[in-house]
Amino acid sequence: MNKVLKISLIAFIACLATAGLGAWYAASFINPTQLTKLLSSSVKDATGRELKITGPVSLNLFPSISVKAEQVSLTNASWASNPNMLALKQIELDIRLFPLLKGSVEISRIGITGLEANLQTNKSGEGNWNLTPPVLTNNGSVTQTPGDTASNDSADSTFVSIKTLDIVDAIIRHQDGNQAAKVIHLPKLSLGSREGRSSILLDVEYEKYKLNLKGTTGSLRNAYFAWNQSPVNMNLDLDLTLNGKTLAIKGDIDKKPQVLPTFNIQLNSKSFDLAPLAGSAAIASKAGSTSPAAPHKPQGNYFFSDEKLPFDLLPLADGVISVNIAELGIPGQAPFANFKTTLQFKKNNIDANDLSFNVGKGGAQAQISVAGFDGSAPKVAIKGLAKDFSLEQIVASADSSAKVSGGATHIAWNLQGSGVSPHQLVSRANGAIQISVGQGKLDSKFINKGGDFVVTVFDAINPMRKKTNQTILECAVAYLPVNNGMINIRDSVGAETDRLDITLSGSVNLANEALNISINPREKSGLTTGLDLGGLVKIEGTLQNPKAGVNKEGVVNSAFSIGLGFLTGGISIAAENAKSMATKSQPCKTALHSWSDIYSASK
C-alpha cells in the first residue's frame with residue numbers, strides 16, 4: 001500500500017476514534033433526565049415558557065448526538081384559552097458535541113412529528129407566539145441586556161445555532177380573540193440553512209385547497225435576529241403553487257437599522273387562480289364549516305361589510321412589487337388575461353397607477369391608491385375604465401346556462417372614500433360610476449333567476465313579459481353620482497327595450513343603505529289605458545334586503561288619470577296618447593354623461 005495513503009488512512013481512523021471517544025465521554029456523564037432538565041432550563045430562560053416532557057426520552061450517539069423525546073409541550077401565554085401553545089408527539093434534537101462538553105446545549109437540527117400549535121391573539125392584538133428573541137451585535141455575536149446571567153449565554157446559543165427545522169404532520173389552530181379557531185394542516189415543513197442561504201419546503205392544506213412553497217432565500221435565521229439591529233439583505237427565489245398553479249416570486253429585500261425596509265419583488269405566472277384564496281377566506285369566516293362554498297351572501301347588517309379590512313397587514317416600507325400574470329382566475333368571473341400592475345410602496349401609502357388586464361375581447365385599465373393605511377381612517381381612491389367586452393361574457397362566466405347574447409358594455413369609475421371597512425368607505429364616498437350596455441337579448445329564465453324581488457319588479461314594469469321567453473334590450477345606461485355616500489338618481493338611469501322606455505328616479509343612501517327608487521316605464525307605442533303599473537312600484541328597503549313597495553304618488557296620478565278619463569268619456573286618455581307619441585323619450589341618451597368627465601383617460 002502506498003505510504004502516504006497508509007498514513008492518511010491511519011490518521012482518519014484515529015480522528016474517527018477520537019470523535020467516538022468524545023461522544024462516548026459526553027454521553028457517559030449526561031443521562032437523558034439531566035439533558036431534559038438542561039433543555040427545559042434553556043427554553044425557560046430564552047422564552048419565559050415551561051417546556052414539559054411527559055413521555056420517554058432517549059439519547060443516540062450516531063451518526064450524531066441526538067435526543068429524542070415524546071409527549072412534549074410548551075406552555076401558553078397567561079391570557080390564552082389553551083394551556084399549551086405547542087404540543088407534539090415526538091421531537092428529535094441534534095446537539096453539537098463540543099458545547100455539550102462544556103455543559104451547554106447548542107442545537108443544530110430540530111425534527112418534529114405530530115405538532116399541534118394553538119395560536120391566539122388577545123383583544124389588544126398581541127399574539128401568544130411573541131417570544132423575546134436574543135440580540136445580535138454587528139459582528140453576529142450574541143449580546144445580553146443588562147442584568148443577564150451566565151445561564152442566558154447557553155439559552156441564546158441554543159436557538160442561534162439551529163440550522164435545520166423539519167416538521168411532519170402538523171395542525172395549526174388560529175383563534176382571533178374569542179372567535180372560533182381556524183384549522184390548517186401542514187403535512188410538511190422543512191427549513192434548512194447552508195452557506196448563508198435558507199431553503200424552504202412547505203406544504204399547506206386548508207379545506208379543499210393545497211399550497212406549496214419551495215425555493216431559497218437569504219438566511220432567515222440571520223434576518224430574524226439581526227432585523228433592525230444590523231444590515232440585512234434578503235434575496236428571494238421562490239415558487240408558490242396554489243391548487244396546481246404556480247407563481248414565481250423573485251427579488252430582494254434590504255433592511256438597515258432604524259430605517260424602513262426597501263424591496264424590489266417580481267411576481268410572474270403563466271396561470272394563477274385567486275379562487276382558492278377567496279374560497280379560503282369565505283370558509284374561514286364560517287369558523288371551520290366544512291360545507292361547500294355557497295354564493296356570496298352579505299354578512300352582518302350591511303351589504304357592504306362593516307368588518308375591518310386587513311390594512312394592518314400592509315407593510316410600512318419603501319419598495320416596488322411588479323405583477324405579470326398571463327391568466328388570472330377571478331371567482332365568479334371570466335379569467336383576466338395579461339394582468340399587469342406595479343405596486344409602489346411609500347411608507348404608509350400604496351399606489352398602483354398602471355393596472356391593466358383583458359377580458360375576452362375587451363380590456364380595462366385602472367389606478368388604485370391607499371393612503372395612510374396605518375391610521376384610523378385610510379383613504380382609498382379607485383378610478384378606471386373597462387370597454388369592448390359584452391354583457392354576454394360577464395353573465396356566461398358566472399352562469400354558463402344563462403342565455404344572454406350581445407350587450408356591448410362600457411364602464412368607467414372614479415371614487416374616493418375613507419375608513420377601515422367597506423361600509424365606512426362607501427358611506428363616505430365621493431365620485432361617480434357610469435355603465436352603458438348596448439343591444440342584446442335576455443332570456444326570461446335568466447331574469448327569473450334573480451329571485452322573487454327581481455321578478456316582481458320586472459312583472460310590474462312589463463305585465464306582458466310572461467307572454468314572451470325573452471326581453472330585447474336596445475340599451476341601458478346608469479350614471480351614479482356619489483356625494484358623501486349619497487346617490488341621487490335624476491334622469492341618470494334609463495333603459496330601452498323593444499316595448500318600453502324606462503327611467504329611474506330616487507336615491508340610495510350608502511350610510512344606512514336605504515333604497516328609495518321609483519320606476520317610470522313608458523310604452524313605446526304611445527298608447528295607454530291611463531293606468532301605469534310600473535309607476536305604482538317603488539324599490540324600498542335596503543341594499544341587503546330590497547323590497548317592492550307602492551309608489552303613493554304614482555297611485556294618485558294614475559287614479560286621477562283614470563277618473564278624469566271616465567269624466568271626459570276617454571277624451572283625456574286619448575290626449576295623453578297623442579302627447580306621448582309626439583314627445584318620444586330617449587332614456588339612454590338622457591342618462592349618458594361624457595366618459596372623460598369620469599375617467600380622464602377615456603377615449
### Query
So which of Asn338, Asn348 is polar (S, T, N, Q) and surrounded by 18 or more Cβ atoms within 10 Å (Cβ to Cβ)?
Asn348
### Task
Name every residue in the range 403-427 that is in contact with a Ser or Thr (Cβ under 7 Å, 6 or more places away or on another chain), open to solvent by less than 40 Å² (accessible area, probe 1.4 Å) and part of a strand (DSSP E or B), in order of residue number.
Gly406, Thr409, His410, Ala412
### Task
Within the range 54-112, work out how many residues are polar (S, T, N, Q) and either modelled with pLDDT under 75 or in contact with a Gly (Cβ under 6 Å, 6 or more places away or on another chain) (or both).
3
### Query
Can you name the strands (runs of 3 or more DSSP E) wholly within the range 205-273 that have at least 2 residues being of a type in the set (S, T, N, Q) and closer than 26 Å to Lys347 by Cβ?
232-242, 262-269
### Task
Please state which of the following conditions Asn324 fails to meet, knowing it meets all the rest: (1) polar (S, T, N, Q); (2) open to solvent by less than 40 Å² (accessible area, probe 1.4 Å); (3) in contact with a strand residue (DSSP E or B) (Cβ under 7 Å, 6 or more places away or on another chain).
(2)
### Message
Can you find, within the range 281-325, the residue that is modelled with the highest pLDDT among those that are over 22 Å from Lys210 (Cα atoms) and hydroxyl-bearing (Ser, Thr, Tyr)?
### Response
Ser322
### Task
Working only within the range 208-223, note down all residues that are open to solvent by 30 Å² or more (accessible area, probe 1.4 Å) and either under 12 Å from Ser198 (Cα atoms) or without any contact (Cβ under 8 Å) to a residue 24 or more places away in the chain (or both).
Lys214, Thr216, Leu220, Arg221, Asn222
### Query
Just wondering, is there one or more residues in the range 477-490 that are modelled with pLDDT under 85, under 27 Å from Ile411 (Cβ atoms), in a strand (DSSP E or B) and within 45 Å of the chain's Cα centre (by Cα)?
no
### Query
Is it the case that some residue within the range 142-161 is out of contact with any Gly (no Cβ under 8 Å at 6 or more places or on another chain), modelled with pLDDT of 50 or more, of a type outside the set (Val, Ile, Thr) and under 21 Å from Thr36 (Cβ atoms)?
yes
#### Entry: Members of the range 71-86 that are open to solvent by less than 30 Å² (accessible area, probe 1.4 Å) and either aliphatic (A, V, I, L, M) or not in a strand (DSSP E or B) (or both)
Val72, Leu74, Asn76, Ala77, Ala80, Met85
### Task
Looking at (1) aliphatic (A, V, I, L, M); (2) more than 25 Å from Asp597 (Cα to Cα); (3) more than 22 Å from the chain's Cα centre (by Cα), find the lone condition where Val320 falls short.
(3)
### Task
Report yes if some residue within the range 19-33 is assigned to a loop (DSSP other than H, G, I, E, B), open to solvent by 40 Å² or more (accessible area, probe 1.4 Å) and at pLDDT 55 or above; otherwise report no.
yes
### Task
Take the range 518-557 and flag every residue that is modelled with pLDDT of 80 or more and out of contact with any Ser or Thr (no Cβ under 7 Å at 6 or more places or on another chain).
Ile519, Pro521, Ile539, Glu540, Gly541, Thr542, Leu543, Gln544, Asn545, Pro546, Lys547
### Task
List the number of the failed condition for Leu314; all other conditions in (1) among the aliphatic types (A, V, I, L, M); (2) in contact (Cβ under 8 Å) with a residue 24 or more places away in the chain; (3) farther than 30 Å from Gln258 by Cβ; (4) buried (at least 16 other Cβ atoms within 10 Å of the Cβ) hold.
(3)
## Note on the structure
By residue number, the members of the range 60-70 that are open to solvent by 50 Å² or more (accessible area, probe 1.4 Å) and either touching a Lys or Arg at 6+ places or on another chain (Cβ under 8 Å) or assigned to a loop (DSSP other than H, G, I, E, B) (or both) are Asn60, Leu61, Phe62, Pro63, Glu70
### Positions within the range 317-348 being of a type in the set (Lys, Arg) and touching a residue at least 60 places away in the same chain (Cβ under 8 Å), in sequence order
Lys347
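The values are calculated or read from the model by the stated rules, or taken from the named source; none is laboratory data. Keep in mind the model is a prediction, meaning the values are calculated, not measured. Don't worry about glycine lacking a Cβ; one is built from the backbone with ideal geometry, like all the others, and counts go over all protein chains shown. What goes into the accessible areas is simple: the full protein's heavy atoms, side chains included, and nothing from ligands, DNA or RNA. Shrake-Rupley method; radii C 1.70, N 1.55, O 1.52, S 1.80 Å.
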